[in-house]
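Below: one structure, written as C-alpha cells.
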Amino acid sequence: MGLQEVKDEILNEAEEKASRIKEEGETEADEIIESAEQEAEQIKEDTKEEIEEEKQALKQKEISKAEMDAKKKVQHSRQKSVEEVFKAFEEELNGLSNSQLESFVKNAKDKANFEVEKITGSSEFEEFVDLDFEETEEQGLLLESANGKKSLNLSFERIIEDFKRSYRGEVAEKLFDEVKK
C-alpha cells in the first residue's frame with residue numbers, strides 16, 4: 001500500500017467519522033430541540049393552569065366581596081328600619097296630648113316607690129303637677145323624694161334609651177319576620 005492509499009484511507013475514515021459525528025450531533029440537536037419544545041409546552045400548560053386558578057381565585061374573591069357588601073347593605077337597611085321605628089316612638093312621646101301628659105304624671109307618681117315631694121320636668125307637664133314643680137329644658141319628668149335621696153328619672157331621653165335597649169331585638173324580629181317567610 002502506498003502513501004497515497006494510506007492517506008486516502010485516513011481521509012475516508014476521517015470523513016466517515018466526521019459524517020457520523022455530524023449525524024450524531026444533528027440527532028442530539030433534534031432531541032434537545034424536541035425536549036425543549038416539550039418542556040416549553042409543559043411550561044405553557046402549567047402557566048395556563050396557574051392563570052386559570054388565579055382567575056378563579058379572583059372571581060371567588062370578588063363574589064365573596066360582593067356578598068359581604070350585600071350583607072352590609074341589608075344590615076344597614078335593617079338598622080335604618082329599626083331606627084325609624086324608634087324615631088317614630090320618640091315623635092309619639094314628644095307629641096303626647098294633654099290627657100296623655102296628665103296620665104303620664106299620674107302613672108309616674110304611682111310608679112315611684114317613695115313619697116314624691118318635688119317634680120322637675122319640661123314645661124308641658126307643669127299644669128298637671130300638683131306638687132312643687134321646677135321647669136327644665138329636658139323633655140320628661142324627674143321625681144324626687146323630700147330628702148332628695150330617692151328619685152325616678154322619666155326623662156324622654158332615658159325612656160327612649162331604655163325602650164331601645166329592651167326592645168331592639170323584638171322590633172327587628174317583628175319587622176323582618178315577614179322577610180324570612
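The values are calculated or read from the model by the stated rules, or taken from the named source; none is laboratory data. Please read all numbers here as calculations on a predicted model, not as lab measurements. When we count neighbours, we look across all protein chains shown, and the Cβ atoms used for this are built from the backbone with ideal geometry, even at glycine. The protein model used for the area step is the full one, side chains on, heavy atoms only, and it has no ligands, DNA or RNA in it. Shrake-Rupley method; radii C 1.70, N 1.55, O 1.52, S 1.80 Å.
Kindly provide the set of residues from region 103-144 that are part of a strand (DSSP E or B) and closer than 27 Å to residue 171 by Cα, ordered by number.
140, 141, listed by residue number.
Can we say residue 84 is open to solvent by 50 Å² or more (accessible area, probe 1.4 Å), of a type outside the set (S, T, N, Q), in a helix (DSSP H, G or I) and farther than 30 Å from residue 177 by Cβ? Quick ask: steps written out before the conclusion?
Values: open to solvent by 50 Å² or more (accessible area, probe 1.4 Å): yes; of a type outside the set (S, T, N, Q): yes; in a helix (DSSP H, G or I): yes; farther than 30 Å from residue 177 by Cβ: no.
Against the criterion (open to solvent by 50 Å² or more (accessible area, probe 1.4 Å), of a type outside the set (S, T, N, Q), in a helix (DSSP H, G or I) and farther than 30 Å from residue 177 by Cβ), residue 84 does not qualify.
State yes or no: is residue 64 modelled with pLDDT of 90 or more, among the hydroxyl-bearing types (Ser, Thr, Tyr), part of a helix (DSSP H, G or I) and open to solvent by less than 100 Å² (accessible area, probe 1.4 Å)? Lay out the reasoning, then the answer.
Details: modelled with pLDDT of 90 or more: yes; among the hydroxyl-bearing types (Ser, Thr, Tyr): yes; part of a helix (DSSP H, G or I): yes; open to solvent by less than 100 Å² (accessible area, probe 1.4 Å): yes.
For residue 64, the condition - modelled with pLDDT of 90 or more, among the hydroxyl-bearing types (Ser, Thr, Tyr), part of a helix (DSSP H, G or I) and open to solvent by less than 100 Å² (accessible area, probe 1.4 Å) - is met.
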- Item | Complete set of residues in region 111-128 that are among the hydroxyl-bearing types (Ser, Thr, Tyr) and surrounded by 12 or more Cβ atoms within 10 Å (Cβ to Cβ) | 120, 122
- Query: When you scan region 38-77, how many residues do you find that are under 30 Å from residue 166 (Cβ atoms) and either in contact with a helix residue (DSSP H, G or I) (Cβ under 6 Å, 6 or more places away or on another chain) or β-branched (Val, Ile, Thr) (or both)?
  - Reply: 1
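Residues being open to solvent by less than 90 Å² (accessible area, probe 1.4 Å), outside any loop (DSSP other than H, G, I, E, B) and closer than 19 Å to residue 106 by Cα: count how many of those fall in region 145-173. If you could, list the steps in order and put the result at the bottom.
Step one: of region 145-173, the residues open to solvent by less than 90 Å² (accessible area, probe 1.4 Å) are 145-146, 148, 151-156, 159-164, 166, 168-169, 171-172.
If we keep only those that are outside any loop (DSSP other than H, G, I, E, B) too, we end up with 145, 151-156, 159-164, 166, 168-169, 171-172.
Filter once more, keeping what is closer than 19 Å to residue 106 by Cα: 145, 151-156, 159.
So the answer is 8.
Can we say residue 40 is in contact with a strand residue (DSSP E or B) (Cβ under 8 Å, 6 or more places away or on another chain) and farther than 22 Å from residue 175 by Cα? Outline the logic, then answer.
Values: in contact with a strand residue (DSSP E or B) (Cβ under 8 Å, 6 or more places away or on another chain): no; farther than 22 Å from residue 175 by Cα: yes.
Considered against the rule, which asks whether it is in contact with a strand residue (DSSP E or B) (Cβ under 8 Å, 6 or more places away or on another chain) and farther than 22 Å from residue 175 by Cα, residue 40 comes out as no.
Looking at region 91-102, which of its residues are open to solvent by less than 60 Å² (accessible area, probe 1.4 Å) and either part of a helix (DSSP H, G or I) or closer than 14 Å to residue 156 by Cβ (or both)?
If we filter region 91-102 for residues that are open to solvent by less than 60 Å² (accessible area, probe 1.4 Å), which is where we start, we get 93, 95-97, 101.
Correct list: 93, 95, 96, 101.
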- Item | Index of the failed condition, residue 108 passing every other in (1) modelled with pLDDT of 90 or more; (2) open to solvent by 90 Å² or more (accessible area, probe 1.4 Å); (3) out of contact with any Gly (no Cβ under 8 Å at 6 or more places or on another chain) | (2)
